[in-house]
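Asks: Quick one: the structure is below, and I'll ask about it shortly.
The values are calculated or read from the model by the stated rules, or taken from the named source; none is laboratory data. Since we're looking at a predicted model, the values are computed, not measured. A quick note on method: Cβ atoms are made from the backbone with ideal geometry, for glycine too, and the neighbour counts reach across all protein chains shown. SASA here: full protein model, heavy atoms, side chains in, ligands and nucleic acids out. Shrake-Rupley method; radii C 1.70, N 1.55, O 1.52, S 1.80 Å.
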Amino acid sequence: MLSGLELFPLVLLMAGGIALDLLLGEARRWHPLVGFGKLAGVIEHAANRGTLRHAKGALAWMLAVLPPTLAAWALGRINGIGAVLLHIALLYFSIGLRSLREHVLPIANALADNDLARARQLTSSIVSRDTARADAADMAKAAVESTLENGNDAVFGTLFWFLVAGGPGAL
């Protein structure tokens, strides 16, 4: 278990990553996680063919997740400002706090303005359900559900794993 003295630098690194996310938002071009998603898609497509899908799935996970995580872990072991910046950058690229807000707040604003057509359009971009006939309550529920689901992955899970293992954990 981490002592208070060991936890304090980690909390400072976390504050740095969160501050970058709130200040800059998601990288619009060349986002590392978008590239990772494309790589994972290619690996998943190859693994879902034929037999032994579970074994192939485990291998696919190892090919997609372990190399960048182990590389980040190895780089994070280096002492100095480079390691500090790496941990902050890994959290910044992994967390989706501002992005989540940017997707959900316009829905709340459209609903507050009673603009159901706009709310439907915005809601359909964050959920995988048909919103063509959704009423205000349905869209509010969908937005809250999406916020909670994505908040778990993009915020709370990321911060938890950052506390457990720093930048590589967030990655």
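Asks: Of the conditions (1) open to solvent by 30 Å² or more (accessible area, probe 1.4 Å); (2) out of contact with any Ser or Thr (no Cβ under 8 Å at 6 or more places or on another chain), residue 155 fails just one. Which one is it?
Replies: Among (1) open to solvent by 30 Å² or more (accessible area, probe 1.4 Å); (2) out of contact with any Ser or Thr (no Cβ under 8 Å at 6 or more places or on another chain), the lone unmet condition for residue 155 is (1).
Asks: While we're here: When the residues of the range 125-135 are filtered to those that are surrounded by 15 or more Cβ atoms within 10 Å (Cβ to Cβ) and within 18 Å of residue 113 (Cα to Cα), which remaining residue is modelled with the lowest pLDDT? Before the answer, list the steps.
Replies: So in the range 125-135, the residues surrounded by 15 or more Cβ atoms within 10 Å (Cβ to Cβ) come out as 126-127, 131, 134.
So of that shortlist, the ones also within 18 Å of residue 113 (Cα to Cα) come out as 131, 134.
Working: 131: 88, 134: 91.
So the residue we want is 131.
Asks: On the basis of being aliphatic (A, V, I, L, M), at pLDDT 90 or above and surrounded by 13 or more Cβ atoms within 10 Å (Cβ to Cβ), does residue 111 make the cut?
Replies: Working: aliphatic (A, V, I, L, M): yes; at pLDDT 90 or above: yes; surrounded by 13 or more Cβ atoms within 10 Å (Cβ to Cβ): yes.
For residue 111, the condition - aliphatic (A, V, I, L, M), at pLDDT 90 or above and surrounded by 13 or more Cβ atoms within 10 Å (Cβ to Cβ) - is met.
Asks: Here's something else I'd like to know. Restricted to the range 70-89, and to residues that are of a type outside the set (A, V, I, L, M) and under 22 Å from the mean Cα position of the chain (by Cα), which residue is most open to solvent (accessible area, probe 1.4 Å)? Even if it seems obvious, please write down each step before you answer.
Replies: Applying the first criterion (of a type outside the set (A, V, I, L, M)) to the range 70-89 yields 73, 76-77, 79-80, 82, 87.
Still in the list and also under 22 Å from the mean Cα position of the chain (by Cα): 73, 76, 87.
Values: 73: 136, 76: 17, 87: 31 Å².
By that ranking, first place goes to 73.
Asks: Okay, moving on. How many residues are modelled with pLDDT of 80 or more, of a type in the set (A, V, I, L, M, F, W, C) and open to solvent by less than 80 Å² (accessible area, probe 1.4 Å) when one looks only at the range 9-39?
Replies: Final tally of qualifying residues: 8.
Asks: Which numbered condition in (1) surrounded by fewer than 12 Cβ atoms within 10 Å (Cβ to Cβ); (2) under 14 Å from residue 170 (Cβ atoms); (3) among the hydroxyl-bearing types (Ser, Thr, Tyr) is the only one that residue 51 fails?
Replies: Just one mismatch for residue 51, condition (2).
Asks: For residue 104, only one of the following conditions fails: (1) among the β-branched types (Val, Ile, Thr); (2) in contact (Cβ under 8 Å) with a residue 60 or more places away in the chain; (3) open to solvent by less than 50 Å² (accessible area, probe 1.4 Å). What is its number?
Replies: Here residue 104 meets the rest and fails (2).
Asks: If you don't mind, another one. When you scan the range 59-74, do you find a residue that is assigned to a loop (DSSP other than H, G, I, E, B) and touching a residue at least 12 places away in the same chain (Cβ under 8 Å), even just one?
Replies: The first filter runs over the range 59-74 and keeps only residues assigned to a loop (DSSP other than H, G, I, E, B), leaving none.
Among the residues of the range 59-74, not one is assigned to a loop (DSSP other than H, G, I, E, B) and touching a residue at least 12 places away in the same chain (Cβ under 8 Å), which makes the answer no.
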